[in-house]
Amino acid sequence: MATIDLRGVSCPTNFVKAKLALEELEPGDRLELLLDDGEAVKNVPRSLKGDGHKLLALQETAEGHYLLTVEKGEE
Amino acid sequence: MAEQQVKPSIDLGNLKAGGFIKERGKDLFTIRLRVPGGRMAVPRLKKIAEVAEKYGGEFVHLSVRQSIELININFKHFDAVVEELGEADQKVASCGARVRVPVACGGCEYNPNGLVDTQKSALEVDRQLFGTPTGHHKFKVAFAGCPFDCPKSATNDVGFQGALLPKLDKEACISCGLCAKSCTPGAITMGEERKPLLAIDPCIWCGDCVKVCPTGAWEAKQTGYNVRIGGKWGRNPLVGTLFATFLPQEQVVAFITRVLEWYREKAENQGRIRLGDIILKEGPEPLLERLRQSFPDSVVAETIPPQIINTQIGSGR
Ligand code: SF4
Ligand code: SF4
Ligand code: SF4
């Protein structure tokens, strides 16, 4: 599973980058996104859900960032 | 007011509800257009541009309450302006002691935060109550789609704010923790077996938990409007206070109608006085009691009077 580092990328650019990365995948494929605390972790998951993707897990890293696991939804 | 300025050759009926405002220059008026909720269909916008170009100055003005105002209109052209705008179903707004055009944010149709259909509510209120004389002073209504409240609903005579009461289905929860992370007021903590716990006190009913939850474990137990009454801005600002929670959307017009009835009665012989100032005199209980009769499920048990904002200039109240 690939990991996209979106730390330091502000809203909504982080969401658009995640969206572009998901476009490369097939439905059912998974992707990890590394997100900043604060606005990013509040907004990006919700927007991905709104686009029809499946949110699977959220983990806090030792440095206080967040690792979101997403499964690409059907087109 | 416009009434004294015009000659009898003009259709005075057009001027009754107001919306024609005298400008500095001789013979010139501003015409305030009726744009409930700030939604402007593109064909109407084109017609307004056409009329503004033909009869107005070099610009229009976008008012704070979401209206388009035509500037520098000569009073001789009132009838023509009204008629030509009417071709695109564009009407003139009101001023004076009346129910004004309601303000609303985009609501839930395309705005990701919206919890209720504010646009529908604004249109309904506009259709049924716009221009109703209050007998005392202006009467403003606003609709916000969620507790972020971009339209500042509590600065209106009656302000509506969309709200959602969340409910958890523990079985459906996959313990991802996204809800706790998304809840800005910190109402959700991850408890035993990594299932969320809701502390109802800090909850502001924003619905963010429902929106992020990937499995639908959080759902809406109730949605509706939180209603604040008695707000106004201007010389002596007041912030309205909470009179009802989760008022069903289809009861909005009936609710405002009850408030108006009470206002008309209580302000009798008190001249030009806003609703909030009447509540300050009477205390909030009589109005609460009146509303409770019609909306027992939504009206709160108790509230506080409108909150006075200290502007620090003038001795005021
Ligand atoms: S009040 Fe809420 S729904 Fe309305 S514009 Fe603001 S954030 Fe969006
Ligand atoms: S409705 Fe908003 S404030 Fe209440 S628990 Fe959900 S996210 Fe938190
Ligand atoms: S977001 Fe939904 S699934 Fe995730 S912890 Fe909260 S309730 Fe459970």
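The values are calculated or read from the model by the stated rules, or taken from the named source; none is laboratory data. Being a predicted model, the structure only gives us computed values, none of them experimental. Here Cβ is always computed from backbone atoms with ideal geometry, including for glycine, and neighbour counts include all displayed protein chains. These area figures cover heavy atoms from the full protein model, side chains too; ligands, DNA and RNA do not enter into them. Shrake-Rupley method; radii C 1.70, N 1.55, O 1.52, S 1.80 Å.
Restricted to strands (runs of 3 or more DSSP E) entirely inside region B:10-75, no element has at least 3 residues that are at pLDDT 95 or above, open to solvent by 40 Å² or more (accessible area, probe 1.4 Å) and among the aliphatic types (A, V, I, L, M).
Per-residue answers, yes or no, for (1) at the interface with another protein chain (Cβ under 9 Å from one of its Cβ atoms); (2) not β-branched (Val, Ile, Thr):
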| site | (1), (2) |
| --- | --- |
| A:ILE4 | no, no |
| A:ASN14 | no, yes |
| A:GLU23 | no, yes |
| A:GLU32 | no, yes |
| A:ASP36 | no, yes |
| A:PRO45 | yes, yes |
| A:GLY52 | no, yes |
| A:LEU56 | yes, yes |
| A:LYS72 | no, yes |
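All of A:GLY73, A:GLY28, A:GLY38, A:GLY8 fail the test of being under 25 Å from B:ILE188 (Cα atoms) and free of Cβ contacts under 8 Å to residues at least 60 places away in the same chain, apart from A:GLY38.
Restricting region B:130-153 to residues that are modelled with pLDDT of 95 or more and more than 12 Å from ligand 1 (Cβ to nearest atom), the residue that is most open to solvent (accessible area, probe 1.4 Å) is B:LYS140.
Considering B:ILE188, B:ILE204, the condition of being modelled with pLDDT of 95 or more and within 14 Å of chain A (Cβ to nearest Cβ) is satisfied by B:ILE188 alone. Considering only residues in region A:46-65 that are assigned to a helix (DSSP H, G or I) and out of contact with any Phe, Trp or Tyr (no Cβ under 9 Å at 6 or more places or on another chain), the one that is surrounded by the most Cβ atoms within 10 Å (Cβ to Cβ) turns out to be A:ARG46. Scanning region B:166-225 for residues that are open to solvent by 60 Å² or more (accessible area, probe 1.4 Å), aliphatic (A, V, I, L, M) and out of contact with any Gly (no Cβ under 8 Å at 6 or more places or on another chain) returns B:ILE174, B:LEU198, B:ILE200, B:ILE204.
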